[in-house]
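A short write-up of the structure that comes next.
Derivation of every value follows stated rules applied to the coordinates shown; laboratory data play no part. The shown structure was predicted, so the numbers you read here are calculated from the model rather than taken from an experiment. Cβ coordinates were reconstructed from backbone atoms using ideal geometry, including for glycine residues, and neighbour counts include every protein chain displayed.
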Amino acid sequence: MATVLPTPAAPATAHRPLTGLWARLLDQASTLRRGASTRPGRATLVWAVAVMTGVGLAVAWTLQTQRDNVLQAQQTQSINLARTLSEQTLRVLTPLDYATQKAEQWARSQSLQGDALQRLVSETGLGDNILTQISWVDAQGRFVASNLDPQGRQSGRLDLSTRPHVQVHLQDGETSTVLYFGATLTGKVSGKRTIQISRALRNTEGQLIGILVVSVNPAYFEQLYQGLQLGRLGAIELTGADGRIRARVQGGLPAFEEGLATDPRLPWPGALAEAVTTLSHAGHLKSWVGTRISDYPLAIWISVDVDEALTDWFKTRRLIWLLAAAFCLAIAAATALMLNSFQRLLQSRAELKQQVRERTQHLSESHSALERKTQALEQTLHQLQAAQSQLVQSEKMASLGQLVANVAHEINTPIGAVKSSGHSIAEALSRMLERLPRVLLDLDEASRPVFLALIAAAHHPAAVISTREERQITRQLTQQLEALGLSDARHKAELLLQLHAHHAPVAFIDLLRRPDCEALLAAAADVATLVSSSANINTAVERASKIVFALKSYAHAAPDKALRPTDLRQGMDTVLTLYQHQIKQGVELDYQADELPPVQGLPDELNQVWTNLIHNALQAMHHQGRLSIRMNTEGQGVLVSVEDSGPGIPESIRERIFEPFFTTKPAGEGSGLGLDIVRKIVQQHGGRIDFSSEAGVGTTFRVWLPLAGPGANTHA
């Protein structure tokens, strides 16, 4: 809800020059009333009063307009900053939410122990400066273990049932497993001030089996927010829907304070994306701008002291009032001279010529003075225009800084994937070196080739399949194994699919019947982990390089490169592998590609086209819906279409979506360069790109590329 900032009363000293001017004018009018008794005298006096009144009103209106513009610009800057900080905070909350969901899966399938919590911390990709610890609390509210105390020996069976973030799940009889964001408090186990985030973990029947508590270091957010120039009294606060403050920075330095659940100072944004309000506290009027962090019950609030924001305006106001006062004094002086001239004209007609010459001289001097004042006003106007240009340049630099910040955080994601995959490779290699020799020794001559064939199957990466296809394959494989009389067929079917050995399960039936089947499949699974983790590292590195390439592609045109035959389907498979994790979270993939002839082009640039289109489609659907990709020949080229089931593009902005820096995404989620870069790459290859969109149905982007490259862009 937007709230108009009130205009504080200007100090009385600002009006003293104008008040003194009116007093002097009235005194002169009283003294020279006889000289103004004629019609020219009265007209001169009325003209002087009208001019000075007009000057006063014009100056007051101009200053008020400038003040409103300054506050509006500050408010816009605060909104952009709040959006940026909200996006940065969301990048920390998203892996935490994913970690709690994965912990629930582990808790349902196996006992959640301390070593699993340590693995969970490693897979989040978050450092110790963000994540203090992850704890496991049983269904009675007693501490079991944490990544810092895997065996629970240091803290014993510590009773945490009275803690709000634990008690809220113990009292809740529903099967809800949403995250609960508790207030900042000192942990009994860690002994540190942390933000307690918890999730109730339930089994498949909906019974509470435990509570996962994630302790987040609020100092990370304070370090993230500090250093921003918001003035000595400006503040940044991370608050919850309960009104409590999780992290706070004032004057660029951490200034944590605990809020009250009933604190009425800041309204909760609620269903709105942003809220703007003004509050007076301790004699200071502050402008507050708040924005919610996605769907979480958290909000970022930016406060700016109104007087600090208007510091330059106060200086400008004083200068303009002084100039206006000088101008009005000059008008008053000229008026007094004219009235005196009329008085002397009435006293003696004989002195008319002499009086005229004197008045003419005085008027000439007054005119010169007016010209000097006018030049001074013009110089002041030039200074104001220069200041305005500097403000525009500052706004451009702020936008550039936001773009750079977005790119830096985008690169952090593949770096985290590399780190996590590296840990997975190390763990799998350690287990494999321990298990594989023993497994090979236990195998007889007949079983050893079958086991080696299973390992060979795990070495070959599988093609990208949709979520629906994966479920269908698992169901069919389970039925085959049950028909062969194998126990625990579902688990073994999932392992065979993971090992890429689901095409011919009968070939491995002897291994599956062995009593040490679990050890054999586990050893082969370690090999599969090495293969998949290595592939993840490669795709993550490619993702980071493409992010840098996107920024460089917009900054300047790349030098000419030699075109070469390019397999478009292979490039699309690579991009889908990169987004495989995001697609599996809630997106149904429909991917159909014919056998395509090679296209003369640049593989890296074309992969950037598929990356941007798929990324835009996933964001348009909020990662929930149907993604359809078609690749087929059309005429003398290849047609690629990417369709999403999102809300569609509003008709009012369809003509602008290819403009640089124009984006329909929320602040911090896009720079507005993606589609502009896509169009440049397609045109560079001699192709065409268009789209169709229907409200409530979705959007389809179509890219047509000629087989022969640039210069051959005609359909057959």
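Please list 76-83, 564-571, 304-311 highest first by mean number of surrounding beta-carbon atoms within 10 Å per residue. Can you show the working numbers first?
Working: 76-83: 20.0, 564-571: 16.5, 304-311: 18.2.
Listed from highest to lowest mean packing, they are 76-83, 304-311, 564-571.
Each of THR186, THR132, THR699, THR577 was scored by other Cβ atoms within 10 Å of its Cβ. Arranged with the fewest first, they read THR186, THR577, THR699, THR132.
Summing charges over neighbours of PRO706, with a neighbour being any other residue whose Cβ is under 13 Å away from its Cβ, gives 0 when K and R count +1 and D and E count -1. Shape verdict for segment 111-216, please, from the Cα gyration tensor: rounded (a/c under 1.5), prolate (a/b greater than b/c) or oblate. It comes out rounded by the Cα gyration axes. A simple count of charges around SER641, restricted to other residues whose Cβ falls under 12 Å of its Cβ and scoring Lys, Arg +1 and Asp, Glu -1, yields -3. Extending 7 Å from the Cα toward the beta-carbon at both GLN592 and GLN113 defines two label points whose distance is 4.9 nm. Label positions at THR76 and HIS622, each projected 7 Å from the Cα along the C-beta direction, are separated by 2.9 nm. For the pair SER487 and VAL697, a Förster radius of 51 Å applied to the C-beta separation gives a FRET efficiency near 0.60, rounded to the nearest 0.05.
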